[in-house]
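The values are calculated or read from the model by the stated rules, or taken from the named source; none is laboratory data. All of these numbers come straight from a predicted model, not from anything done at the bench. Neighbour counts run over all protein chains shown; Cβ positions are idealised from the backbone, glycine included. Side chains included, ligands, DNA and RNA excluded: accessible areas come from the protein's heavy atoms. Shrake-Rupley method; radii C 1.70, N 1.55, O 1.52, S 1.80 Å.
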Amino acid sequence: SIQPVYGAQHPPLDPRLTKNFIKDRSKANALPMKSKKASSFHEFARNTSDAWDIGDDEDEDFSSSSSSLQTLNSKVAKATAAQVLENHSKLRAKPERAQSALSDMPTNCKVIKSSSEAQLSRTSEEACVRTPLQKQQSLPLRPVIPLVARISDQNASGAPPMTVREKTRLEKFRQLLSSHNTGLDELRKCSWPGVPREVRPVTWRLLSGYLPANMERRKLTLQRKREEYFGFIQQYYDSRNEEHHQDTYRQIHIDIPRTNPLIPLFQQPLVQEIFERILFIWAIRHPASGYVQGINDLVTPFFVVFLSEYVEEDVENFDVTNLSQDVLRSIEADSFWCMSKLLDGIQDNYTFAQPGIQKKVKALEELVSRIDEQVHNHFRKYEVEYLQFAFRWMNNLLMRELPLRCTIRLWDTYQSEPEGFSHFHLYVCAAFLIKWRKEILDEEDFQGLLMLLQNLPTIHWGNEEIGLLLAEAYRLKYMFADAPNHYRR
């Protein structure tokens, strides 16, 4: 069975430069207004659409709405081009400057500010010339900054030479990993501040519980688990064409091309076939939840990390057809098992009505009310529900809010932290929200707040920003996790 993802809009519009256009649209096509406040999770679900939906998924239905989409894209492209000239505060203080810049700026400007704006810019450039959407897209234009590449474990400003401290850390990892029995507690301690790229694949296998700590058992375990996975494919994959599995497979087939659309690696047909097999096998082996939109995102960090074990060059543009069949099979099986281990800890996020996510969003609301009452009251004043922006944060583990290189660094810590993906993620989301408190408090209407929260400018983030975010999340956990009445008003 398929449970849709509710509440997220992708790519989000920017309200500061498209507000006039938004006001002109009919109420039927607008975001849920504060007068249409959802009284329950199910009502909220009925009133929102999936993060990726652009109408019906069939080509003929898309073409019928292409004219209105092109009008929207042209307006958003101009707005995006002007927005990169001024930061948020300057735009609010002197809107006439942005308007004059808009008239001078060409609409095909390549400068981008956030990951969502990058997708909007690319979409707007193609809207006037493309034919109706095809199932297999050609490789998209490369963004300005690599989203994975060699800087996956570096800051976005570049990849500086390895420092003495980094060399010492790498040597410590190698000693731990080469010992007869790897001390997992010590490995987690070393991995919390980040794992060096060279040893990340084997470290992730160990931390996820996929690989045994005993050195002698590792080779046989990998061989057995990889054979077991491909046994599942032989046993189950042909059933994707059977009536009771058709809906599941169809939704997976639709979602795969939408996974990280700015990274050419994930638009390669061979990679998409791998993802389809991984997701379909997982779905039919977990009937309590089945496939849920958003799970497709969770495969990508594992795939990139295990691919980097065999690729020294730019990962995001690497052609996987250059790898041998055995290597691709190993990457596919390892990605499947590690993703399965991750989902075992958060499966209640994806069962019927997604109770895990509802609880986490409620917990986030309670936490923010104690951490920063001013921000919490600001949301209440303009009737912004946490479910309207934080659902996606919990469902996709912030993957649609951060570049992939940042997600990989974040998951180093999540796999080191006890219940990292289920419990610690709550404090990361709280720290992430409070980081934007100034921008949040500057917005003074419902739509402006919601658009800001769905389009946060993190495209230039790297290790430094993620390190600060994790440090703040750890501080919040230390203060609040075992103190339910601390700071309670």
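Worth pointing out:
- GLN268 in the same structural domain as ARG226 (by the TED database), open to solvent by 10 Å² or more (accessible area, probe 1.4 Å) and touching a residue at least 40 places away in the same chain (Cβ under 8 Å): yes
- Of all the residues in the stretch 321-348, those that are of a type in the set (A, V, I, L, M, F, W, C) and in contact (Cβ under 8 Å) with a residue 60 or more places away in the chain number 8.
- VAL375 falls short of the stated requirement of being under 25 Å from PRO257 (Cα atoms) and either assigned by the TED database to the domain that holds HIS244 or open to solvent by less than 10 Å² (accessible area, probe 1.4 Å) (or both).
- Count of residues meeting criterion [among the acidic types (Asp, Glu) and under 27 Å from the mean Cα position of the chain (by Cα)] in the stretch 205-230: 0
- Every residue from the stretch 205-223 that is β-branched (Val, Ile, Thr) and open to solvent by 30 Å² or more (accessible area, probe 1.4 Å): none
- Scanning the stretch 316-328 finds one or more residues that are surrounded by fewer than 18 Cβ atoms within 10 Å (Cβ to Cβ), in a helix (DSSP H, G or I) and within 20 Å of the chain's Cα centre (by Cα).
- When ALA159 is tested against (1) modelled with pLDDT under 95; (2) farther than 16 Å from SER416 by Cα; (3) in the same structural domain as SER308 (by the TED database), exactly one condition is not met: (3).
- Some residue of the stretch 211-231 being in contact (Cβ under 8 Å) with a residue 60 or more places away in the chain and small (Gly, Ala, Ser): no
- Residue check, HIS423 open to solvent by 30 Å² or more (accessible area, probe 1.4 Å), of a type outside the set (Asp, Glu) and closer than 21 Å to LEU262 by Cβ: no
- Taking the stretch 225-241 as the range and being loosely packed, with under 11 Cβ neighbours inside 10 Å and not small (Gly, Ala, Ser) as the test, the residues that pass are GLN234, ASP238, ASN241.
- Complete set of residues in the stretch 280-320 that are under 19 Å from CYS338 (Cα atoms), among the β-branched types (Val, Ile, Thr) and without any contact (Cβ under 8 Å) to a residue 60 or more places away in the chain: ILE281, ILE284, ILE295, VAL299
Okay, residues lined up against (1) at pLDDT below 95; (2) more than 30 Å from ASP314 (Cα to Cα):
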{"residue": "LEU222", "(1), (2)": "no, no"}
{"residue": "GLU228", "(1), (2)": "no, yes"}
{"residue": "GLN235", "(1), (2)": "yes, yes"}
{"residue": "ASP247", "(1), (2)": "yes, yes"}
{"residue": "VAL271", "(1), (2)": "no, no"}
{"residue": "PRO287", "(1), (2)": "yes, yes"}
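- Scanning the stretch 374-401 for residues that are among the aliphatic types (A, V, I, L, M) and either in a helix (DSSP H, G or I) or in contact (Cβ under 8 Å) with a residue 60 or more places away in the chain (or both) turns up VAL375, VAL384, LEU387, ALA390, MET394, LEU397, MET399.
- Residues (more than 12 Å from SER191 (Cα to Cα) and polar (S, T, N, Q)) located in the stretch 402-428: THR407, SER422
- Residue that is assigned by the TED database to the domain that holds LEU206, open to solvent by 30 Å² or more (accessible area, probe 1.4 Å) and farther than 27 Å from SER324 by Cβ, where the choices are HIS244, HIS253: HIS244
- Within the stretch 160-197, the residues that satisfy the criterion of being open to solvent by less than 50 Å² (accessible area, probe 1.4 Å) and closer than 16 Å to ARG409 by Cβ are LEU170, PHE173, CYS190, SER191, GLY194, VAL195, PRO196, ARG197.
- Applying the criterion of being assigned to a helix (DSSP H, G or I) and of a type in the set (D, E, K, R) to the residues of the stretch 435-462, the residue that is farthest from TYR382 (Cα to Cα) is LYS435.
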